[in-house]
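See structure below.
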Amino acid sequence: MSATAEILDSVQSGYKWGFETDIEMDLAPKGLNEDIIRLISSRKDEPAWMLEYRLKAFTAWKQMAEPEWARVTHPPIDYQDLHYYAAPKKKAGPKSLDEVDPELLKMYEKLGIPLKERAILAGVEPDPNERPQIAVDAVFDSVSVATTFRETLSKVGVIFCPISEAVRDHPDLVKQYLGSVVPVADNYFSALNAAVFTDGSFVYIPKGVRCPMELSTYFRINARNTGQFERTLIIAEAGAHVSYLEGCTAPQRDENQLHAAVVELIAMDDATIKYSTVQNWYPGDADGKGGIYNFVTKRGACRGERSKISWTQVETGSAITWKYPSCVLIGEDSVGEFYSVAVTTNHQQADTGTKMIHIGKGSRSTIVSKGISAGRSNNTYRGLVRILPSAAGARNHTQCDSLLIGDECGAHTVPYIESRNPSAKVEHEATTSKIAEDQLFYCRQRGLSEEDAVNLIVNGFCKEVLKELPMEFAVEAQKLLAVSLEGSVG
Amino acid sequence: MSVVTQTGAAGFLARYEALKDRLPGDAAVRAAAAESFRVAGLPGGTSARRIEAWKYTSLRPVAEAVFQGSASAAGAMAALPKMNAPRLVFVDGKLQAHLSDMVPGFKSFADQAVFGGLARPDRDPLVALNTMLADDGACLRVPAGVDAGVIQIVSIGTGTAAFHPRHVLKLEAGSTLVVLETAIGEGNYLHNPVTEISIGSGAHLTHVRLQDEAAAAFHLSTIYAEIADGGTYDGFSLVLGGRVTRTEIHVRLMGPKAAAHMNGAQLLSGAQHADFTSVVRHDAPHCNSRQTVKNVLGGKSRGVFQGRIEVARQAQKTDGYQMNQALLLSPDAEIDSKPELEIFADDVKCSHGATVGELDAEQLFYLRSRGVPDSEARALLVRAFLVEALDLVTNETIRSILEQRVDAWWERQAA
Amino acid sequence: MLEIRGLTASIGEKPILKGIDLVVPDGEVHAIMGPNGSGKSTLGYVLSGRDDYTVTGGSVTFNGIDLLDMEPEARAAAGVFLAFQAPIELPGVNNANFLRTALNAIRRAHGESELDAIQFLKLARAETKRLAMPDDMLKRNVNVGFSGGEKKRNEVLQMALLRPKLAILDETDSGLDIDALKIVADGVNALRSPTFSALVVTHHQRLLDHLVPNRVHVLAHGRIIRSGGPELAKELEKSGYADVLAAAA
């Protein structure tokens, strides 16, 4: 089956990633049932235990209901009206980049994703001598189409491969950790993901290894009426360090598309995982038509002493974002961080935040959330800080700031603070404001256009978060903020 | 009083069926409320359905209790704060004329049963319960421009009574009133009052509530207030008593330059559970809302704070502030706090803060190094912790009544 | 350079400027003095195009173009610089980044090439050095956590980099010690040329000792009630505004 060949006019809406790629696709029939799950499992040559895991999840999912507590509304989703598997046709799996369909390579080139080793992410002023190298796993609809730098990484023992491959090649690791942080029936969307996930990245950093380069996955939804259900699993053994980035885009379409990912991180003693996201799924048009429903479960377990998991996210895309990257701080003196910028414009809805569950003694967490609402959008921070009785001396500091641009949008802050240990200290602060007239005037008096002034002030507002991103991403994120807010002022 | 042995929502509904022909006021309003209550039940008590507004408080103990009847109020009377201001005394929700003073502008709800438009039985289950069964209460009207001074409303609960008083406070333009509401008692009764307050243009209500119910009692109160332009609501609740309690306040700022303060302090010990929930809605521009709520939690107690500031699109230039702080005095105490902002106007200044922790060890050490004994030093720091919330109470007599109760509470902890 | 004719302006319904006539020729520095509430700051805001002020009459031409029709940033590009009495804080916005963005916006407007980060820093460091400012001034967020004196110096730094044709100093000297005062004056003096003019709004003679004006104007109740040479400022310093006001009444 071939996807429709049309390049949509993306310039009009300001979404520059909205083109579609014409490529021969292998598409499962619409609908969700055990047969489809068996089909997915067999397409991926999975062992029997994986199929069992999926079927168990499917059974659980059927008993569950969509969560209703988030401040988002959408028409009911017909889960039987989706394709659960869409993959570019291929003879055998591409062993090297030369075997990847040239149409695909062209698409990634257009998106600025470096599938040639030694290449770099787009949006960066070129300086090839100093640029660190980045390994990329590119996921197109349901499958990973290329993973770069695998050999370089394997020399130091780092495994970086599509998760479907890890299921076959590293079954013990996958069996041990998959679903250990986000149990199958954790929530409606995680159960759905566990039943039908198709691809995603698998990262394993052995004991004491500092991953020699940034790892990144680039997700692209292309096919129509297709859900994307990616699954990512990152394990950092004692003393390991890794920084992982993900980016996402999708074509511009009138219908809504579903993206329900699950990401699990595991950090052992003294390990550090830094996970950065620039989420730029298609947000829908100015009237709220189309766009991705982004229902994502991300959770990291700091299992070891002094382990650290740090989430940084810049969320500008999607019609609806429902996402709470969380940390379960089990190890003594473990550290959880959440840095977030969420921008909503037009009719976008974002309900995003984090959960910090303090179990270990002396565990610490920091939450910095910056929400920017414009147009007719609604932007909600929702976050939980829970201190269990065992978490003596735990610390949390939360800062949530909202910025409203225009008087038709909404900004909401919903923190939940639960403490059951007197020696723990929790602090939460939240503010809401708009860009002050005198700030705008000051900038314009110095010669900046109103739009540039707004960008500058917004970037300043987000600085605490942007500085947490790896440099290449920070530059891209700043540009993305500017593009997202284009036309929302004045 | 009819004897009802059925428990939970069914018990209350049976009581309504038995009494409905004799209850005062609009029967249709009661019937609608009964229907709402039938559907909603007691949050956490009768159904497993989770309601976000009741996330941290379950009324299962209320649903399981048997409410049968009154006992003597004599013992509790002795515990009334001494204050030289006219008072209205209710025992198990019924006005006691012989214990009460003449108060101008007062009518009992039994005599003048008018359900106001502020209460939301359709939305709030306990308000539905109250509306269904309310048979008495205090209705006070302060005419325009009048300073009505201080008035006390006293509730004494006894035995295993369940009572649902309905109070109405109406301040006309430019008037002033100070109300001290005291709730005390002996027994395992349920006190479920609803108060509807309207504050006219430029009027000022100071509403101080001392909730010092019996240790085994349930206290579930809901207050609705709407404030016209330039009007002010200064509310303070001191929560000391009861086994499972909730203080729920809904304030709406209706006209420009209206102001609301909704402070509170909850001092808990043993297995007490106290929930302080408030919603302030800014519906007009240039309004101001301030809230400081403190929890001091000992024993195995659990304090809950839920506070929401809502700013409507037209409410530009809103200034909203909310601070919620908890001191955990024991390893088994728990605080659950949910301060919320819901904002639809862009030219506003809204902020909230929350902190949770124990007494500051350095401060404690500093005091002790200056010769203050440990328990005194702790008492001093707890009192200091409460000052910010208490400062709203400017009436010196009332302030000292509250401070005495706080000190007495502390002495009971230390003993 | 600047020609103001019959300028009237109000905030909301309230008239503040009630007919200003003022000509500042090329290369001259004019001082505007006057009691509080006379409209001195309003004049600066109206010339730089702040939204809250409505021009109700009159004209302002700047090097032959009609200033009142232009957006604030276009006026800045044309060479109008307002040194704020209370410089605005921009949290999270790095001073160097702010200055480079502003400078490049103005350079673009003039059809000049933009400066990259390295070129800019070289230029900026030269200026901070000349103005005896610490280098970290460039790294800090715009005016955030700056002392009063630092804020004013930052205004002078901006002026030095943006090289305006007309600088309007709105009580830039208020709250400054004598050293800082000298930096401000030197900053303006360094720009003095036949194609640079300045309007210096001030209360005090002190600044004018270092920054000798060609003309001094007294603004009261929205009008210029007296103009004179530098000696007028000295006279005002000695006897206050009362006499001048009485004479004009």
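Efficiency by 1/(1 + (r/R0)^6): what FRET value for residue C:14 and residue A:408, r their Cβ-Cβ distance, R0 = 22 Å, to the nearest 0.05? Intermediate results must be reported in sequence, preceding the final value.
Working: r = 31 Å, r/R0 = 1.39.
Here the calculated transfer efficiency is 0.10.
In nm, to one decimal, how far is the modelled label at residue A:43 from the one at residue C:115, with both set 7 Å along Cα→Cβ?
Result: 5.6 nm between the two label points.
Along the charge dipole of the protein assembly as shown, which of C:204, A:388, A:488 sits closest to the positive end, that is, farthest toward it, with unit charges on the beta carbon of Lys, Arg, Asp and Glu (+1, +1, -1, -1)?
A:388
If you place +1 on the Cβ of every Lys and Arg and -1 on the Cβ of every Asp and Glu, how big does the dipole about the Cα centre of chain C come out, in debye to the nearest 20?
Values: 28 positive and 31 negative charges, 58 e Å.
With Lys and Arg at +1 and Asp and Glu at -1, about 280 debye.
Classify segment C:2-248 as rounded, prolate or oblate from the Cα gyration tensor: take a ≥ b ≥ c as the square roots of its eigenvalues, call it rounded if a/c is under 1.5, otherwise prolate when a/b beats b/c and oblate if not. Please list the in-between numbers first.
Numbers: a/c = 1.82, a/b = 1.40, b/c = 1.29.
Prolate.
When chain B is treated as a GNM, springs tying every alpha-carbon pair under 10 Å, which of B:98, B:219, B:286 comes out with the largest mean-square fluctuation?
Comparing B:98, B:219, B:286 in the GNM, the peak value goes to B:98.
What Kirkwood radius, in Å to one decimal, follows from the Cα pairs of segment C:46-142? Intermediate results must be reported in sequence, preceding the final value.
Numbers: mean 1/r = 0.0650 Å⁻¹.
About 15.4 Å for segment C:46-142.
Which of rounded, prolate or oblate describes segment B:72-359 when judged by the alpha-carbon gyration tensor and an a/c cut-off of 1.5? Numbers along the way, then the final one.
Working: a/c = 1.82, a/b = 1.10, b/c = 1.66.
Judged from the Cα gyration tensor, segment B:72-359 comes out oblate (a/c at least 1.5, b/c at or above a/b).
Quick one: dipole size for the protein assembly as shown, taken about the Cα centre, charges +1 on Lys/Arg Cβ and -1 on Asp/Glu Cβ, in debye to the nearest 20. Walk me through the intermediate numbers first.
On the way: 120 positive and 142 negative charges, 286 e Å.
Taking the Cα centre of the protein assembly as shown as origin, the dipole is about 1380 debye.
What is the order of C:225, A:405, fewest Cβ neighbours within 10 Å to most? List each step's numbers first, then the result.
Numbers: C:225 18, A:405 22.
Final ranking by Cβ density, sparse to dense: C:225, A:405.
Using the Kirkwood formula over every pair of different C-alpha atoms, what hydrodynamic radius in Å results for the protein assembly as shown?
Working: mean 1/r = 0.0297 Å⁻¹.
Kirkwood radius, the protein assembly as shown: 33.6 Å.
Give me the one-decimal nm value for the distance between modelled label points at residue B:23 and residue A:81, 7 Å along each residue's Cα-to-Cβ direction.
4.6 nm
With N denoting the number of residues in segment A:279-358, provide Rg(C-alpha) divided by 2.2 N^0.38 Å, to two decimal places.
On the way: Rg = 15.0 Å, N = 80, 2.2 N^0.38 = 11.6 Å.
For segment A:279-358, the normalised Cα radius of gyration comes out at 1.29.
Roughly what angle does helix C:148-162 make with the longest principal axis of chain C, taking Cα atoms, 0 to 90 degrees, to the nearest 10?
Computed tilt is about 80 degrees.
Fewest Cβ neighbours within 10 Å first, please rank C:211, C:82 accordingly. Could the numbers behind the result be given before it?
Values: C:211 23, C:82 29.
Ascending number of Cβ neighbours within 10 Å: C:211, C:82.
Arranged by the count of other C-beta atoms within 10 angstrom, fewest first, what order do A:244, A:324 take?
Working: A:244 26, A:324 21.
Listed from fewest to most nearby Cβ atoms, that is A:324, A:244.
Along the charge dipole of segment B:142-281, pointing to its positive end and built from +1/-1 on Cβ of Lys, Arg, Asp and Glu, which listed residue (B:155, B:200, B:255) has its Cα farthest out?
B:255
Which shape class applies to chain A: rounded if a/c is under 1.5, otherwise prolate when a/b exceeds b/c and oblate if not, where a ≥ b ≥ c are the square roots of the Cα gyration tensor eigenvalues? Show your work: numbers first, answer last.
Details: a/c = 1.36, a/b = 1.10, b/c = 1.24.
Because its axes are fairly even, with a/c under 1.5, chain A counts as rounded.
Assuming 1.306 mPa s and 10 °C, estimate D for segment B:24-118 with Stokes-Einstein, Rh taken as the Kirkwood radius over Cα pairs, in µm²/s. Display every interim value, and only then the final one.
Working: Rh = 17.2 Å.
It diffuses with D of about 92 µm²/s by this estimate.
For chain B, list the DSSP H helices whose alpha carbon atoms reach 20 Å or more along the long axis and whose average Kyte-Doolittle value is 0.0 or above? Walk me through the numbers before you get to the answer.
Working: long enough: B:374-390 (24 Å, 0.78); B:396-414 (27 Å, -0.91).
Long hydrophobic helices here: B:374-390.
Please state the relative contact order of chain A as a whole percent: Cα pairs under 8 Å, 6+ residues apart? Each step should come with its number before you reach the end.
Numbers: 1304 pairs, mean separation 50.1, N = 490.
With pairs under 8 Å counted, the relative contact order is 10 percent.
What size of dipole, in debye to the nearest 20, comes out for chain B about its Cα centre when the only charges are +1 on Lys and Arg C-beta atoms and -1 on Asp and Glu C-beta atoms?
Using Cβ point charges on Lys, Arg, Asp and Glu, chain B gives about 440 debye.
Set the bar at 28 Å for Cα to Cα. Now go through B:349/C:18; C:18/C:152; A:16/A:44; A:308/A:463; A:89/A:355 and name every pair that lies beyond it. Don't skip to the end; give the middle numbers.
Working: B:349/C:18 35 Å; C:18/C:152 30 Å; A:16/A:44 33 Å; A:308/A:463 22 Å; A:89/A:355 40 Å.
In this structure, B:349/C:18; C:18/C:152; A:16/A:44; A:89/A:355 exceed 28 Å between Cα atoms.
Quick one: helix C:117-130 against the long Cα principal axis of chain C, what's the angle to the nearest 10°, folded into 0 to 90?
So the inclination is approximately 50 degrees.
Relative contact order for chain B using alpha-carbon pairs under 8 Å, separation at least 6, rounded to a whole percent?
Working: 1136 pairs, mean separation 40.1, N = 415.
RCO, chain B: 10 percent.
Using alpha-carbon positions, what is the distance between the centroids of segment B:245-295 and segment A:208-254, in Å?
44 Å
Can you list residues from other chains, or at least 5 along the same chain, whose modelled amide H is less than 5 Å from the amide H of residue B:290?
B:260, B:261, B:262, B:321
With a Förster radius of 60 Å, plug the Cβ-Cβ distance of residue B:362 and residue A:62 into 1/(1 + (r/R0)^6) and report the FRET value to the nearest 0.05. Mind showing how you got there, number by number?
Working: r = 56 Å, r/R0 = 0.94.
Efficiency computed from Cβ-Cβ geometry: 0.60.
Have a look at B:404, A:135, A:242 and report the one farthest towards the positive end of the charge dipole of the protein assembly as shown, computed about the Cα centre with Cβ charges (Lys/Arg +1, Asp/Glu -1).
The residue sitting most towards the positive pole is B:404.
Pull up the cross-link candidates among the lysines for residue B:94, meaning alpha carbon to alpha carbon under 18 Å and not fewer than 8 places away within one chain.
B:20, B:107
Build a GNM of chain B with springs between Cα atoms under 10 Å: which of B:373, B:143, B:81 gets the top mean-square fluctuation?
Of B:373, B:143, B:81, the Gaussian network model singles out B:373 as fluctuating most.
Determine the distance separating the Cα centre of segment A:310-379 from the Cα centre of segment B:297-329; give it in Å without decimals.
After rounding, the separation between the Cα centres reads 21 Å.
Enter the Cα centre distance for the pair segment B:112-165 and segment A:23-91, rounded to the nearest angstrom.
If you average the Cα positions of each part, the centres end up 55 Å apart.
With springs only between Cα atoms under 10 Å, which of B:279, B:168, B:103 fluctuates most in a Gaussian network model of chain B?
B:103
We did not get these values from a lab; they are worked out from the coordinates using the rules stated. Everything quoted here is computed from the prediction, not taken from an experiment. Ideal geometry is used to build each Cβ from the backbone, glycine not excepted, and the neighbour counts take in all protein chains shown.
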